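The next block holds one structure in the form of structure tokens; read it before the comments.
Derivation of every value follows stated rules applied to the coordinates shown; laboratory data play no part. Nothing here was measured: the structure is a model prediction, and the numbers come from that model. For neighbour counting, all protein chains shown are included, and Cβ atoms are generated from backbone atoms with ideal geometry for every residue, glycine included.
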Amino acid sequence: MPDLWSDLLPYPWNVAAAGVVAAALLFGFVGVSTFFAIWAERKVSGRIQDRLGPTRVGPFGLLQSLADGIKLVSKEDHAPTAADRFLFKLAPYLAFCASFVGFLALPFGHGLVAKELNVAAFFVLAVLSSEVFGVVLAGYASASKWSLFGGVREAAQVVSYEVPRALCVVVPVCVAGTLNLNTIGTQQAGWFWNWNLFHDPFTFVAFFVFYICATASCKRAPFDLAEAESELVAGFHTEYSGIRWSYFFLAEYGSMFAVSGLAALLFLGGWHTGFLPAEATALLGFWGGNLLNVAVFVGKCWALVLVMMWMRWSLPRLRIDQVMMVCLHYFLPISCVLLVGVCLWVLLVPAGAAEVVRYGLAFGSVGFVLLMFASAFRAPPMSAPPGRLPGAWDGRPTPLGADASAKRG
Amino acid sequence: MSLPVVLFALVATVTAVSALGVVLARNVVRMAVWLLFTLVGVALLYFLLGAEFVGAAQLLVYVGGTLVLVVFGVMLTAQGPLRELRTRPADWAVAGVLGVALFGLLVTVSFRIAAPPPTDNPLPGPGPLGLSFLGVTEANPTGPVTGVPDGPPTPRTPVAYLLPFEVVSVHLLVVLVGAAYLARAKRRVRA
């Protein structure tokens, strides 16, 4: 990107200008994504709970986040008397910086990255893992027991889930042979069976383990023990109000998008549609190809974020001991087995057998997804003649008589 | 002044000031926060030098892992004498003498070693670094990405660093097991 500016500005300033523009674009992406993700979260939760969600502000309630933002900015920004003021004010910015810096190394398309790093996957993991620091400090500095419990839980949870998450990142990295996310994305060009997800059974399982661990390390439900409102009021952000409170949510949604982008790049073909035989820029020219790449990448991020929301509103929260046991007893051994398995697969399995497994996994998964979509349009099987109950309740007595149903229907 | 020098001055100043903050702060948690800035500053220096892998490892190991555990431990024990640390004058004297001596030694050594000639190749990436652990001297192996080289075996130096590396890792593992043993729940001996 400094090359674009070198015509306009002399040497040190073109680098600075490129940096400022990249940072502004990324900040805009994080901000706009959070804006719509909060709206989507409320809509998704509303639909799952048989409500409408926000409808008043703008069409479909789309401007609800703007109204929330105005409310948050105009709220009083206060700190508890016993709080450690300096740390209390610093903590939200630390959390946000950590989740924002992760985007610096995420390529949004072929070469569309703020700074191409040789070790981008490792860098993103390293930066995202330090988001916990802001949360822990917020918990400590609030001088409130609820906040402290939230911070302690967050520290224990995130430090434990980092281990299986990092091990699952190593699985596709073993297949790719590089930590450079741009190269990993480019290797998966072409049809969808080239995606690392379908490379072998181990990467296939690793994707799901990675996704669950990433959900847990973003402290999203069902792993949101740090802010368990039924036990801890609001956990680490109990004492926060106004704009500082919203920085925590900017950080949370930012890291959701960052881990989704990492998952898309490592497993789901990055910026490739999966339905074009080659790289999009080679087929559609520079502008069309890059626009398609960015749209596909952002679309994949959004799809993964929407699944996180779906999980949040469908599953009950775990207890803290269950959260830790799931990580240490299940995910840690599973990810170690996956790592060893993928190494043995790459070294030992002959190319022919690997191709058969790859096509089997790819077409099997696509068929499964298509069947799921088809089943959504089928008539519900839970229907019964008037006066009888459907499904497992068939034959039980019911107050709904045949005449009553007939009158209603 | 060139851009790298300006950036180095900026990052080094922030790192040094926050290192002073670690020493001068009274509250243990604030010390940890100053230490956070120091470690991030050192990681930024690694990035400035082009050693991306070392910088990311610094962030992952020290900022994401060790420092979080330090704060975690401090939060659980932040009562009594640890909350407000007061340094005695004798400690100041001993630490000051040692610090000045170490600083003098480092300055002398760094001025005695000439600056390395600038090359086009930056520091080696993780691949050559890992291969040199195995004693492979060839920096760019021609083999496929699976790590099994084609053709004749690559030359190796007689001294590989893999064994010392493994010894250190096993040592760390022993330390971990020992820590878990010391911190275990004490069982009461039945009378």
request  = Using amide H atoms built 1.01 Å from N in the peptide plane, name the residues 5+ places from A:His272, or on other chains, whose amide H lies under 5 Å from its own.
outcome  = none
request  = Compare the Cα positions of A:Gly31, A:Leu72, A:Pro10 along the charge dipole of segment A:1-74 (+1 at Cβ of Lys, Arg; -1 at Cβ of Asp, Glu; about the Cα centre) and return the one farthest towards the positive end.
outcome  = A:Leu72
remark   = Output ordering of A:307-315, A:108-116 (per-residue mean of other Cβ within 10 Å, highest first) is A:108-116, A:307-315
ask   = Roughly speaking, what is the centre-to-centre gap between segment B:1-20 and segment B:21-41 when only Cα atoms are used, to the nearest Å?
value = 17
key: Charge dipole (debye, nearest 20) of chain A; +1 at Cβ of Lys and Arg, -1 at Cβ of Asp and Glu   = 1140
ask   = Stokes-Einstein D for segment B:1-83 at 4 °C, 1.567 mPa s, Kirkwood Rh over Cα pairs, in µm²/s?
value = 95
query = With r defined as the distance between the Cβ atoms of A:Gln322 and A:Tyr11 and R0 fixed at 56 Å, what FRET efficiency is calculated, to the nearest 0.05?
reply = 0.50
task = Compute the Cα gyration tensor for segment A:78-373, then decide on rounded, prolate or oblate, letting a ≥ b ≥ c be the square roots of its eigenvalues: rounded whenever a/c is under 1.5, prolate when a/b is larger than b/c in the other cases, and oblate in all that remain.
result = prolate
task = Would you mind computing, in nm to one decimal, how far apart the modelled labels at B:Arg26 and A:Ala295 are, each placed 7 Å from Cα along Cα→Cβ?
result = 6.2
key: Cβ-based exposure ranking for A:Phe208, A:Phe100, B:Phe111, A:Phe267, in which fewest neighbours within 10 Å come first   = B:Phe111, A:Phe208, A:Phe100, A:Phe267
For segment A:143-165 and segment A:102-130, distance of Cα centres in Å = 25
key: For the protein assembly as shown, with +1 on Lys and Arg beta carbons and -1 on Asp and Glu, the positive-most of A:Ala234, A:Ser255, A:Thr186 along the dipole   = A:Ala234
remark   = Length-normalised contact order of chain A, Cα under 8 Å, at least 6 apart, in percent, tallies to 18
request  = Using per-residue counts of other Cβ atoms within 10 Å, averaged over each peptide, order A:153-159, A:134-140, A:245-251 from highest down.
outcome  = A:134-140, A:153-159, A:245-251
remark   = Sorted by chain and then number, the residues having a modelled amide H within less than 5 Å of the amide H of B:Ala51, at least 5 places away or on another chain, are none
remark   = Distance in nm between A:Glu76 and B:Leu69 label points, each 7 Å along Cα→Cβ, equals 4.3
note = Averaged over all viewing directions, the convex hull of the alpha carbons in the protein assembly as shown casts a projected area in nm² of 41.5
message = Just to be sure I understand the rule: take each whole DSSP H helix in chain A, project its Cα atoms onto its long axis, keep it if the span is 20 Å or more and its mean Kyte-Doolittle hydropathy is at least 0.5. Which ones pass?
response = A:11-48, A:85-101, A:145-176, A:201-217, A:242-266, A:280-314, A:332-348, A:351-376
ask   = Once you put a point 7 Å from the Cα of A:Leu370 and another 7 Å from the Cα of B:Arg112, both along the Cβ direction, what distance in nm separates them?
value = 7.4
ask   = Between segment A:237-314 and segment A:173-215, what is the C-alpha centre distance in whole Å?
value = 16
note = Per the C-alpha gyration tensor (a ≥ b ≥ c, the square roots of its eigenvalues), segment A:1-74 is rounded if a/c is under 1.5, else prolate if a/b beats b/c, else oblate; here it's prolate
ask   = Mind checking the mean number of beta-carbon atoms from other chains within 10 Å of the Cβ atoms in B:50-61?
value = 5
key: Within 10 Å of each Cβ in A:120-130, the average number of Cβ atoms from other chains   = 6
query = When the helices in the protein assembly as shown are scored as -39500 (n - 2.57) per DSSP H run of 4 or longer and the sum is shared across all residues, what 222 nm value do you end up with, to the nearest 500 deg cm²/dmol?
reply = -21000 deg cm²/dmol
ask   = What are the ³J(HN,Hα) values, in whole Hz, obtained from phi via the Karplus relation 6.51 cos²θ - 1.76 cosθ + 1.60 with θ = phi - 60°, for each residue of segment A:104-110 in sequence order, with x given for Gly and Pro?
value = 4, 9, 8, x, 8, x, 5
request  = Quote the FRET efficiency, to the nearest 0.05, computed for A:Ile243 versus A:Arg396 with a Förster distance R0 of 56 Å and r equal to the Cβ-Cβ distance.
outcome  = 0.50
